[in-house]
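Report on one structure; see the data block that follows.
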Amino acid sequence: MRVIIVGGGIAGLSVAYFLERAAAEGRWHGEVLLIERERLLGGKITTVREDGFIVEGGPDSLLRAKLEGTSLLQDLGLEEELIFPQARTVYVLRRGRLHPIPEALLMLRPDPAAVWQARSLSWWGRLRALTEPWVPPRRGEGDESLAAFLRRRFGRAFAEGIAEPLMAGIHAGDPERLSMQALYPHLLALERNFGSIARGLRRGRSPGTSEAMFVSLRSGMGVLVERLAASLHRAHLVLGRMVIEIAPIPGEAPARYRVALDDGAILEADRVVLAVPAPEAARQIRAFAPSAAERLQEIPFASTAVITLAFRGDQIAHPLQGSGFLVPRGEPFPLTGCTWFSSKWPHRAPEGFVLLRAFLGWAGDPEAIAAEDPVLVQRATKALRPLLGLRGDPVRVWVHRWPQAMPQYTVGHLERLAAIERALRPFPGLLLVGASYRGVGIPDLIRQAHEVAKRLIDG
């Protein structure tokens, strides 16, 4: 079997890794060809190491609770690279002031003591959140927006002031449009099985545990990409080449595929894995699967940017005792959040320096990153200056833009995916994987890759 993987982000690389491991163990026999349009692998995982600074242009960690991520790190021998957050307190911006979010609320567990400590909420907002165990479960099985779910369970103040920034912020999404079924099915299950999120979380909590939710790698998340690529001894990697067309080969049964590259090369494959964003997948299959392409185009995307600023320690008045802050969508503030990067993770900046990661852009604001780099840097610095007591200009800056790169799982997303799968049934050798579909986090992508690889191995 010859498999062509289009896309060299973490999803495509992981598919190649799982296939190669199966081949080494004698569980699969085939050839893997991975094609990546950029000169570098990794997609949104990009780490810059300069003059003692370690800067992440994309994700800076992975969620420990999703074991697919930590399992792959162990398989790759990266246990010694694992690091844990130095600071875990997260703040929320409310009327120009930063308020700490009690740790229990970071997991959406409305313990009474934690709720009363949430000074960013009014007395009424805190009282309403505490009534969650007595709110009756929703009737009906249809999808629901994140905002509607949170307001219904916890009240508007808690939803908009704490829960939405935590849950919608990581997707740069509009909580009024994001799908609960696609993003947080475990919370729906808690409501269904226990009648309450608070009761369900209390039942599932291990007493006395207070472990970090996230882990990172000492030299940056780019190490994961480097180690994955280095582990591929049989797969053939083609970098800097773009796939311009994919087509089934007429008369072949089962269907095989012809893949055309921008340098004129024509390749043939028994299976094709599209590990690219939904709009690019739609472009490549539109000629022979127009219905699937149309539904892929319906998945919206948001544009974001990460502005990393380096300051000397004496340029910042704020103690930065925490991991950073989030911004509710209703606050008149140009950033969606800021990570105090060198406070959150060890070894990210040289002695005497501080790294800040500011985030711009979210769904519904296509102009958020339209300006030139210096303007974005100035915008971020100006916003942070009064909040953190910044003096002078940053000594170093790094700008990472992600235009139309954050998929939005809007209400009805799972039904959309089901329609895409039905439309692709006549083409069983064509598989989709990536952040556009069933999870955007690194462990989610590894899980999807493992599932795709299993389908290939099982024939």
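The values are calculated or read from the model by the stated rules, or taken from the named source; none is laboratory data. Small disclaimer: the values here were computed from a predicted structure and weren't measured. Cβ placement follows ideal geometry from the backbone for every residue including glycine, while neighbour counts extend to all protein chains displayed.
Name the residue, out of THR381, THR339, that is hydroxyl-bearing (Ser, Thr, Tyr), under 14 Å from GLY169 (Cβ atoms) and modelled with pLDDT of 95 or more.
THR339
Show the residue pairs meeting these rules: Cβ distance below 6 Å; 6+ apart or different chains; first residue within the range 21-34 and over 11 Å from ILE457 (Cα atoms); second residue part of a strand (DSSP E or B).
Short answer, once both residue conditions are applied: GLU31/ARG2; VAL32/VAL3; LEU33/ILE4; LEU33/HIS236; LEU34/ILE5; LEU34/LEU237.
How many residues are surrounded by 14 or more Cβ atoms within 10 Å (Cβ to Cβ) and either outside the structural domain of PRO175 (by TED's automatic domain parsing) or not acidic (Asp, Glu) (or both) if we restrict to the range 132-155?
Counting residues in the range 132-155 that are surrounded by 14 or more Cβ atoms within 10 Å (Cβ to Cβ) and either outside the structural domain of PRO175 (by TED's automatic domain parsing) or not acidic (Asp, Glu) (or both) gives 15.
Given the criteria assigned by TED's automatic domain parsing to the domain that holds ALA435, more than 17 Å from ILE170 (Cα to Cα) and crowded, with 19+ Cβ neighbours inside 10 Å, does ALA349 qualify?
no
Within the range 1-31, track down each residue that is touching a Lys or Arg at 6+ places or on another chain (Cβ under 7 Å) and either over 16 Å from VAL433 (Cα atoms) or of a type in the set (Asp, Glu) (or both).
MET1, GLU20, ALA23, GLY30, GLU31 - these are the residues of the range 1-31 that are touching a Lys or Arg at 6+ places or on another chain (Cβ under 7 Å) and either over 16 Å from VAL433 (Cα atoms) or of a type in the set (Asp, Glu) (or both).
Name, by its number, the condition in (1) surrounded by fewer than 18 Cβ atoms within 10 Å (Cβ to Cβ); (2) modelled with pLDDT of 95 or more; (3) among the aliphatic types (A, V, I, L, M) that does not hold for LEU178.
Only one criterion is unmet by LEU178, namely (1).
May I ask you to list pairs of residues, at least six apart or on different chains, whose Cβ atoms are under 7 Å apart, with the first in the range 94-111 being under 20 Å from GLU331 (Cβ atoms) and the second being of a type in the set (A, V, I, L, M) and in a strand (DSSP E or B)?
Pairs that qualify, where the first residue is under 20 Å from GLU331 (Cβ atoms) and the partner is of a type in the set (A, V, I, L, M) and in a strand (DSSP E or B), are HIS99/VAL92; ILE101/VAL90; ILE101/VAL92; LEU106/VAL90.
If I ask for residues that are among the basic types (Lys, Arg) and within 15 Å of the chain's Cα centre (by Cα), which ones from the range 41-60 would you list?
LYS44
Residue by residue, here is whether (1) within 17 Å of the chain's Cα centre (by Cα); (2) at pLDDT below 95; (3) in a loop (DSSP other than H, G, I, E, B); (4) over 17 Å from ALA278 (Cα atoms) holds:
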| residue | (1), (2), (3), (4) |
| --- | --- |
| GLU415 | no, no, no, no |
| ALA418 | no, no, no, no |
| ARG422 | no, no, no, no |
| PRO428 | no, yes, yes, yes |
| ARG438 | yes, no, yes, no |
| PRO443 | yes, no, no, yes |
| GLN448 | yes, no, no, no |
| LYS454 | no, no, no, yes |
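Identify, please: which residue in the range 148-203 is closer than 22 Å to TRP116 by Cα and small (Gly, Ala, Ser) and is, among those, nearest to the chain's Cα centre (by Cα)?
The qualifying residue nearest to the chain's Cα centre (by Cα) is ALA163.
Does the range 431-440 include one or more residues that are closer than 29 Å to SER61 by Cα and out of contact with any Leu (no Cβ under 8 Å at 6 or more places or on another chain)?
Yes.
Cβ-Cβ under 7 Å, sequence separation 6+ or interchain: first residue in the range 425-452 and closer than 23 Å to ARG21 by Cβ and β-branched (Val, Ile, Thr), partner in a loop (DSSP other than H, G, I, E, B) and at pLDDT 95 or above. Which pairs?
Listed by first residue and then by second, the contacts come to VAL433/ALA275; ILE442/PRO59; VAL452/VAL433.
How do the pairs read when you match residues in the range 262-276 that are closer than 14 Å to ALA247 by Cβ and part of a strand (DSSP E or B) with residues anywhere that are hydroxyl-bearing (Ser, Thr, Tyr) and modelled with pLDDT of 95 or more, using Cβ under 6 Å and keeping only pairs 6 or more apart or on different chains?
Between residues of the range 262-276 that are closer than 14 Å to ALA247 by Cβ and part of a strand (DSSP E or B) and residues that are hydroxyl-bearing (Ser, Thr, Tyr) and modelled with pLDDT of 95 or more, the close pairs are ALA269/TYR257; VAL272/TYR257.
Please work out which residue is farthest from the chain's Cα centre (by Cα), limiting yourself to the range 61-109 and to residues that are hydroxyl-bearing (Ser, Thr, Tyr) and more than 28 Å from LEU130 (Cα to Cα).
SER71
Considering the range 221-261 alone, what residues qualify as being loosely packed, with under 13 Cβ neighbours inside 10 Å, in contact with a strand residue (DSSP E or B) (Cβ under 7 Å, 6 or more places away or on another chain) and modelled with pLDDT of 95 or more?
HIS236
Does the range 122-131 include one or more residues that are touching a residue at least 40 places away in the same chain (Cβ under 8 Å) and crowded, with 18+ Cβ neighbours inside 10 Å?
No: zero hits.
Please go through (1) touching a Ser or Thr at 6+ places or on another chain (Cβ under 6 Å); (2) closer than 30 Å to ALA129 by Cα; (3) not hydrophobic (A, V, I, L, M, F, W, C) for GLY220 and return the number of the only condition it doesn't satisfy.
Unmet for GLY220, out of (1) touching a Ser or Thr at 6+ places or on another chain (Cβ under 6 Å); (2) closer than 30 Å to ALA129 by Cα; (3) not hydrophobic (A, V, I, L, M, F, W, C): (2).
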